[in-house]
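Quick notes on the structure that follows.
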Amino acid sequence: MVKKLEVSNRWRELSQKYTWTEIFESTVHRFPEKEALVFRGERVTYKEYLEQVNAVAKGLYSIGVRKGTHVGLWMTNRLEWCYVRLAVYKLGGILVPLQTRYKVEDMRYVLGQSDTEVLVMEDKFLGKIDAVSMLRELIPDLEKYERGRIECKDFPLLKGIVCVGEGNYSGMYSYREIIERGKNVNDEEIQVPRSPSDTIHIIYTSGTTGFPKGVETLSSANVAFCAIRAELFGLDKNSRFLNAVPFFGNIGMSNHTLPLLDGGTLVIGGPRFDPKEVLELIQNEKVTHTIFVPTMLLDILNHPDVNKYDLSSLKRIECSGAPVPRELIRKTKEKLGIPLMNA
């Protein structure tokens, strides 16, 4: 039997009165020493999370990011992705999350069409895809430009590039460098007026049937969407939420901020989906909530060692992104003993 879930009006108050910056900083104030992020053994408290976000915000401010600046974020799931997103919001910028699956021509189109002015990127995806080489193909003279002074006719608004990685690349700031530069920025400079009616990000489609299409999202709409999902999911300060999908999509973006509402913990999986890694994370991190697309959930349930893991901490799984077969609902209940929430 399908149970219809209902929500209160909390989402309305949150979305109409507050932005993600206010929500995040309120949660930090309430739970400063609570674990906020877990990624590959690294643990970050809410207090440390805010410190990192402020450091990145100051760094981005030092290279020209202001209210309304379009900031591209081209990166796999990692801690820096979380810091950059909230730093851009704090400055009143507009985030453009970019898919790490894009080919050169997709990137050419999206970088230009999105009016990206600053790009924050990872040097390699999955340890083997050379994103720097892709960018140099798009901007052949990149190495000749002074950092922050790029002049490219294909991307006339793009001026600065920040690269996260081990190397130092000509024409780009390193992530470490902007953090150092930001130390000369004072706290008042990154306190920017923000409104629930502000556009906070532009998410692009995958481009499978043509060029990717950008969708603008208001702060109020995004907060409302997440607040409703969090309530339907039953999240609270004790929740440990596993995100195993890419951050750059709508669901991944939502998953990133869901725990912020009530002080829960975000456990970050990836950057590549691996059923064994997911099972280990659920067991070792005592994950209570997570979300999969049907094929991911099927891979987990069909894993030969699924019954060897202690998954008793799980309270609810959401399945979305594609139609959910009844057989998958039955199999989830049978193997995991919990209901499947179909969004």
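Of all the residues in segment 109-136, those that are hydrophobic (A, V, I, L, M, F, W, C), surrounded by fewer than 16 Cβ atoms within 10 Å (Cβ to Cβ) and free of Cβ contacts under 8 Å to residues at least 60 places away in the same chain number 1.
Across segment 137-151, the number of residues qualifying as more than 23 Å from Ser62 (Cβ to Cβ) and either in contact with a Phe, Trp or Tyr (Cβ under 7 Å, 6 or more places away or on another chain) or in contact (Cβ under 8 Å) with a residue 24 or more places away in the chain (or both) comes to 2. Annotation note: Cβ proximity below 6 Å between a residue of segment 72-99 that is within 11 Å of Thr116 (Cβ to Cβ) and a residue that is part of a helix (DSSP H, G or I) (sequence gap 6+ or interchain) occurs for Leu73/Val84; Leu95/Arg85; Leu95/Val88. Apart from one condition, Asn168 fits all of (1) part of a loop (DSSP other than H, G, I, E, B); (2) in contact with a helix residue (DSSP H, G or I) (Cβ under 6 Å, 6 or more places away or on another chain); (3) surrounded by fewer than 18 Cβ atoms within 10 Å (Cβ to Cβ); the exception is (2).
Looking at the structure I just gave you, is Thr205 of a type outside the set (Gly, Ala, Ser), farther than 25 Å from Asp310 by Cα and free of Cβ contacts under 8 Å to residues at least 12 places away in the same chain? When the stated conditions are applied, Thr205 passes them. For segment 249-277, taking the residues that are hydrophobic (A, V, I, L, M, F, W, C) and in contact with a Phe, Trp or Tyr (Cβ under 8 Å, 6 or more places away or on another chain), the one that is surrounded by the most Cβ atoms within 10 Å (Cβ to Cβ) is identified as Val267. For beta carbons closer than 9 Å, sequence separation of 6+ or different chains, a first residue in segment 26-37 that is touching a residue at least 24 places away in the same chain (Cβ under 8 Å) and acidic (Asp, Glu) and a second that is buried (at least 21 other Cβ atoms within 10 Å of the Cβ) and assigned to a helix (DSSP H, G or I), the qualifying pairs are Glu35/Tyr46. For the criterion of being of a type in the set (A, V, I, L, M) and buried (at least 19 other Cβ atoms within 10 Å of the Cβ), Leu298 fails.
Can you find a residue that is surrounded by fewer than 19 Cβ atoms within 10 Å (Cβ to Cβ), out of contact with any Leu (no Cβ under 8 Å at 6 or more places or on another chain) and modelled with pLDDT under 95 anywhere in segment 60-79? No, there is no match, as no residue in segment 60-79 is surrounded by fewer than 19 Cβ atoms within 10 Å (Cβ to Cβ), out of contact with any Leu (no Cβ under 8 Å at 6 or more places or on another chain) and modelled with pLDDT under 95. Does segment 66-85 contain at least one residue that is of a type in the set (Lys, Arg), out of contact with any helix residue (DSSP H, G or I) (no Cβ under 6 Å at 6 or more places or on another chain) and assigned to a helix (DSSP H, G or I)? Yes, segment 66-85 contains at least one residue that is of a type in the set (Lys, Arg), out of contact with any helix residue (DSSP H, G or I) (no Cβ under 6 Å at 6 or more places or on another chain) and assigned to a helix (DSSP H, G or I). Among the residues that make up segment 23-45, is at least one of them surrounded by fewer than 21 Cβ atoms within 10 Å (Cβ to Cβ), polar (S, T, N, Q) and outside any strand (DSSP E or B)? Yes; the residues of segment 23-45 include at least one that is surrounded by fewer than 21 Cβ atoms within 10 Å (Cβ to Cβ), polar (S, T, N, Q) and outside any strand (DSSP E or B).
In segment 289-327, the residue that is modelled with the highest pLDDT out of those that are among the hydroxyl-bearing types (Ser, Thr, Tyr) and within 21 Å of the chain's Cα centre (by Cα) is Thr290.
The values are calculated or read from the model by the stated rules, or taken from the named source; none is laboratory data. This structure is a prediction, so every number in the text was calculated from the model and none was measured. Don't worry about glycine lacking a Cβ; one is built from the backbone with ideal geometry, like all the others, and counts go over all protein chains shown.
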